[in-house]
Amino acid sequence: MADTSQVINFIKKIAPIIITEGSNRGYRIFSTVIAQAIIESRYGQSTLATRAHNYFGLKCGTAWLLAGKPSVNMKTNEEFTIGKLTQVSAYFRKYSSMEEGVCGYYDFISTKRYANLRDAISSTQYAQYLKADGYATSSSYISTLVNTVKTYSLDSYDVGLVPLFPPEPYVVGATYTTQQDLNVREEPNGIKRPYEALTDNAKLHAIMGTSGEGILKRGTRVTVYEIKPIGQAVWLRIPSGWICGRNSKNIFVL
């Protein structure tokens with residue numbers, strides 16, 4: 001079990017560096033990044049952290065190794081199959097200081113693959129994007145990050161974040177963009193519509209799920225025909241059916 005005082009001391013050291021570097025690069029979510037550092041480096045106590053100032057489990061990649069940059073070879077567990085850990089050897093990036101290690105993290109996520117992280121507007125959404133982008137193989141990566149943020153009240157480091165909901169409500173007839181893959185439903189909170197029931201245009205921007213359901217891909221432009229609030233969620237009717245625009249924690253259509 002983690003020593004709370006050690007975790008708090010680690011947060012005090014690394015959080016200001018993450019906030020400064022992240023802010024300079026245009027990011028708005030810092031809580032999840034701090035949570036990553038806590039779990040990936042075992043709050044700064046892991047061998048990779050102490051030997052290489054690598055607090056985020058960053059592997060080298062071919063380009064890094066070919067360039068002759070500093071690295072260390074270590075064993076790590078990967079969850080290639082859900083529920084089954086496989087131990088492998090891998091080369092990890094090595095840095096000379098905590099500051100350099102944090103900069104290395106932001107260099108790592110500056111590629112097109114992780115471009116959506118700059119658009120994240122909540123700690124949970126940032127965690128979801130990380131997993132969707134393939135940052136980690138762990139099937140529990142999202143929940144572990146979210147729970148770590150909650151346990152140590154890391155959301156307080158996201159001060160100045162834009163409001164959760166758009167400043168203007170959704171408007172019938174307006175066009176918006178999906179922020180992640182979304183199921184299309186028969187009605188708000190209803191059953192999922194099959195892929196074959198989507199409009200021809202929607203099929204061009206959708207994939208078929210494992211049960212034959214139609215899933216609109218992230219980045220799809222949708223036109224709103226009807227709006228229906230249910231509790232803290234807002235549902236939107238588009239030509240192919242209903243999609244969730246937002247709930248109490250996340251915005252799915254913006």
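Miscellaneous remarks
- Within the same chain, lysines fewer than 8 places from Lys203 are excluded, and of the rest, those with a Cα less than 19 Å from its Cα are Lys192, Lys217.
- Under-5 Å amide H pairs with Thr220, H placed in peptide plane, nonlocal only: Thr178
- Neighbours of Asn24 by Cβ distance under 14 Å: Lys/Arg scored +1, Asp/Glu scored -1, total 0.
- Alpha carbon centroid spacing (whole Å) that separates the range 1-64 from the range 166-217: 36 Å
- Once backbone amide H atoms are built at 1.01 Å from N, Ile238 has Tyr225, Ile243 as its partners under 5 Å, excluding neighbours fewer than 5 places away on the same chain.
- Nonlocal amide H pairs with Thr137, under 5 Å, H built at 1.01 Å: Glu79
- Note on the chain: helix-only mean residue ellipticity at 222 nm, from DSSP H runs of 4+ residues weighted -39500 (n - 2.57) and normalised by residue number, equals -9000 deg cm²/dmol.
- For Lys75, the lysines whose Cα falls under 20 Å of its own Cα, not counting residues fewer than eight places away in the same chain, are Lys59, Lys84, Lys94.
- Longest exposed-site-free window of the chain, the sites being trypsin sites (Lys or Arg not before Pro) in a DSSP loop that have at most 16 other C-beta atoms within 10 Å: 26-216
- Each other residue within a Cβ distance under 10 Å of Glu186 adds +1 if Lys or Arg and -1 if Asp or Glu, for a net charge of +2.
- Between the beta carbons of Lys13 and Thr199, assuming R0 = 51 Å, the FRET efficiency works out to 0.45 to the nearest 0.05.
- Seen from Pro70, the other residues with C-beta closer than 12 Å to its C-beta sum to a net charge of +3, counting Lys and Arg as +1 and Asp and Glu as -1.
Read-outs: derived from the displayed coordinates by stated rules, not from any lab. The shown structure was predicted, so the numbers you read here are calculated from the model rather than taken from an experiment. A quick note on method: Cβ atoms are made from the backbone with ideal geometry, for glycine too, and the neighbour counts reach across all protein chains shown.
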